[in-house]
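Beneath this line is the structure, given in C-alpha cells, with notes to follow.
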Amino acid sequence: MTTMTSVKANSTFASILFMVVLGATVLFAAGHAQSAALHDAAHDVRHATGFPCH
C-alpha cells in the first residue's frame, strides 16, 4: 500500500511540475516573440495580464 501511495504522489508532483514548466514556456515564448504574427496574436493578452511588450 505504501508503494502505491508513493507512486501516486510522485506522479501527481511530476504532472504539476510539467504543467508549470509548459505554462511558463508558453508565456515567455509569446511574451518575448519578435515575429509580427506572434506579437499581434498575443498583444491583447499581454496587456490584459500586465506583461510589458513595448
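The values are calculated or read from the model by the stated rules, or taken from the named source; none is laboratory data. Keep in mind the model is a prediction, meaning the values are calculated, not measured. Virtual Cβ from ideal backbone geometry, glycine too; neighbours counted across all protein chains shown.
Take the conditions (1) aromatic (Phe, Trp, Tyr); (2) part of a helix (DSSP H, G or I); (3) at pLDDT below 90; residue 51 misses just one of them, which is (2). You will find that of 25, 12, 5, the residue that is surrounded by fewer than 10 Cβ atoms within 10 Å (Cβ to Cβ), polar (S, T, N, Q) and either modelled with pLDDT of 70 or more or assigned to a helix (DSSP H, G or I) (or both) is 5 and no other.
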